[in-house]
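The values are calculated or read from the model by the stated rules, or taken from the named source; none is laboratory data. Note that the structure is predicted; figures quoted are calculated from it, not measured. Cβ placement follows ideal geometry from the backbone for every residue including glycine, while neighbour counts extend to all protein chains displayed. Keep in mind that these areas ignore ligands, DNA and RNA; they rest on the heavy atoms of the full protein, side chains included. Shrake-Rupley method; radii C 1.70, N 1.55, O 1.52, S 1.80 Å.
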Amino acid sequence: ALVDNPLTPDPTDFRASVQHGKAVTEEELMEMIVLRNTGISASIAKKVIFEYGQAMRHYMEKGRSINGSLLNSQYSISGVFTSEEDVFDANRHALNLNFAPGAQLKDIVEHVAVRKVEAMAGLPLITSYSDTESSSKNDVLTPNELGRVIGKRLKFDESDPARACSLSTIRRRTFR
């Protein structure tokens, strides 16, 4: 999706905002390993992946980089050093862990389909509401009484005219 680019003063330029699909869980990865008839059970696959991660962690904690078929890792340091004698100072510098695809995944971007979609609006989305006075749900709202609203992106800055959305506006849009 294309969204306004706040990093430039030009109001006509945009930046890409990737709208990712649903993330795959480790459980789904295990199911795929089993479905491919590898002869490996999900519990063994899970244990091997866990141990692979532990082995990576062992070496990475010693400052070693990883050159693997799935990923490559290396460290970098950000921050400014004031002289050749300056040393790492956690208040001014940061140790960063960087990852890049390994040989098995290097060409993955060539296989991913890209299509333009609508940007997700940053407006509140009410999924349900209940009225405390009448105990109704998704039905009646009692004027000047408390209620409970459930949804997404419900926090907003009323002083920001671009994002302001009063409860009365939400009621008009949602509770008809």
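Points to keep in mind about this one:
- Solvent-accessible area per residue in the chain equals 83 Å², computed with a 1.4 angstrom probe and all protein chains kept.
- Amide hydrogen proximity for L71: with H placed 1.01 Å from N in the peptide plane, the residues at 5 or more positions away or on another chain lying under 5 Å are G102.
- Equivalent ellipsoid, the stretch 1-97 (semi-axes from 5 times Cα gyration tensor eigenvalues, Å): 37, 29, 9
- Listed values [x] 50; [y] 61; [z] 32 include one computed from this model; for percent of Cα pairs over 28 Å apart that value carries the label [y].
- The order of L35, L29 by accessible area, most exposed first and with a 1.4 Å probe, is L35, L29.
- Highest-MSF residue in the chain out of D139, D107, D13 [GNM, Cα springs under 10 Å]: D139
- Only Cα sites of the stretch 80-144 enter the Debye sum here, all with the same form factor; the resulting log10 I(q)/I(0) across q = 0.13, 0.28 1/Å is -0.78, -1.17, listed in q order.
- Theoretical ellipticity at 222 nm over the chain - DSSP helices of four or more residues, -39500 (n - 2.57) apiece, nearest 500: -6500 deg cm²/dmol
- Nearest-20 debye value, the stretch 1-92 charge dipole, Cβ charges on Lys, Arg, Asp, Glu: 560 debye
- Net length gained if the chain between V18 and K106 were fully extended (0.36 nm per residue, minus Cα distance): 29.8 nm
- Gaussian network model of the chain, Cα within-10 Å springs - most flexible of I66, I150, I40: I150
- The length gained by stretching the chain between E145 and R64 to full extension, at 0.36 nm per residue less their Cα-Cα distance, is 23.0 nm.
- Dipole magnitude (debye, nearest 20) for the chain, charges at Cβ of Lys, Arg, Asp, Glu: 680 debye
- The Cα center of the stretch 59-90 and the Cα center of the stretch 1-32 differ in position by 28 Å.
- Ordering K116, K47 by accessible surface, largest first, gives K116, K47; the 1.4 Å probe counts only protein heavy atoms, with every chain in place.
- Surface share of carbon and sulfur [accessible, 1.4 angstrom probe, percent] for the stretch 29-129: 58 percent
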